[in-house]
Every structure is written in C-alpha cells, then in structure tokens.
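The values are calculated or read from the model by the stated rules, or taken from the named source; none is laboratory data. Just so it is clear, the structure is predicted and the values come from calculations on it, not from any experiment. Heads up, the Cβs are rebuilt from the backbone with ideal geometry, glycines too, and the neighbour counts pull from every protein chain shown. In case anyone asks, the SASA skips ligands and DNA or RNA and just uses the protein heavy atoms, side chains included. Shrake-Rupley method; radii C 1.70, N 1.55, O 1.52, S 1.80 Å.
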Amino acid sequence: MAIRQIRKIGDAILTKECKKVNEMNRRNRQLVEDMFDTMYEAKGVGLAAPQVGILKQIVVIDVEDGNQYVLINPEILEKRGSQTGPEGCLSVPGKHGTVTRPDYVRVRALDEEMQEFELEAEEFLARAICHECDHLKGELYVDLVEGELLDNEEEDE
Ligand code: ZN
C-alpha cells in the first residue's frame, strides 16, 4: 500500500493534458494500485493520475456501487440529460460547488488488462466520470461552478 501526495489547485500539473497509456507494465499497475490507496485514504470517490503528479490518462473511481472502475484512455462517446448538484475534488480540499453535468454518459476505455470496454453511467457515477475525465484534459470543476465555491461545513482533520 502506497499513498501518494495529492496535488492541489495552483499546481501547474493539474492544468496539463495527459498522455495516452500505450501498455500496461509494472509501473502503470503500481500507479493504479497507489491511486486507489490514495483515493480511499483521502475518502474520495474518484482520482485521476495528474492529481498524483502523473500526466497519464488513467482514472480510478469508486462511488460505492460495488465496483472499482479503472478507466484508461477514456473517451466519452455520448452524453444525455443534465443534473445539477454539489461537487468537490481532492485537489481542492475543504470546498464544494454546484456543477451541472450530463445525467447519462457512455464511455469507452481500457481496463487494467488494456481490454477495451464500454460503460454506461447515470447520476452520480456519470458525474464522477465527467469530473475525472476533465482532469485528464487539465480542467478542474472550479471553472464550471455556478455561483460561489463554498467551504465545506465539516473538515475531516
Ligand atoms: Zn477532482
């Protein structure tokens, strides 16, 4: 188990575009494992590789639906509907804001074995996928917030 340091807003790496992953090797496998460890330790539901300082198109998500999603080189193929609700980010600690996202997405990605799969997602999972895929383009949710970025009521520490 290895916890990596989570990069915070203001760090230039969070504004950069990530490169596609061409092969699964020991280094990338370790990265995926560490991303899950880091996300769970920080009590997050999603984490993108640039958030731990690696400019690769890798996302991990666990919205407590019984799945641990690994999305490598994800591509959102379809978006439908809209949902407006609170959103936060491990790279923007102690804050949240209202963001409108699609209510449904269909995404194509590679799994940890570099096998292509498609995933249909609704509601919170759709929101998480959009949020994490934005990280791979160097985009943060704070630029999408409607109104003010708000302080969380309870700090975890
Ligand atoms: Zn985020």
Only residues that are in a loop (DSSP other than H, G, I, E, B), closer than 22 Å to Q115 by Cα and open to solvent by less than 50 Å² (accessible area, probe 1.4 Å): list them for region 26-60, please. I54, Q57
Checking V21 against (1) free of Cβ contacts under 8 Å to residues at least 60 places away in the same chain; (2) among the hydrophobic types (A, V, I, L, M, F, W, C); (3) farther than 23 Å from E123 by Cα, the condition it does not meet: (1)
Within region 12-23, how many residues turn out to be open to solvent by less than 90 Å² (accessible area, probe 1.4 Å) and more than 16 Å from D134 (Cα to Cα)? 1
Determine whether I9 is away from the ligand (no atom under 16 Å from the Cβ), assigned to a loop (DSSP other than H, G, I, E, B), farther than 21 Å from A121 by Cβ and over 12 Å from the mean Cα position of the chain (by Cα). no
Selection over region 111-156 where residues are of a type in the set (F, W, Y) and free of Cβ contacts under 8 Å to residues at least 12 places away in the same chain yields a count of 1
Determine whether N73 is modelled with pLDDT of 95 or more, farther than 14 Å from I6 by Cβ, of a type in the set (S, T, N, Q) and open to solvent by 50 Å² or more (accessible area, probe 1.4 Å). no
Please work out which residue is farthest from the ligand (Cβ to nearest atom), limiting yourself to region 117-152 and to residues that are open to solvent by less than 50 Å² (accessible area, probe 1.4 Å) and outside any helix (DSSP H, G or I). L119
Hey, any hits in region 86-95 for a residue that's closer than 22 Å to E64 by Cα, open to solvent by 80 Å² or more (accessible area, probe 1.4 Å) and assigned to a strand (DSSP E or B)? yes
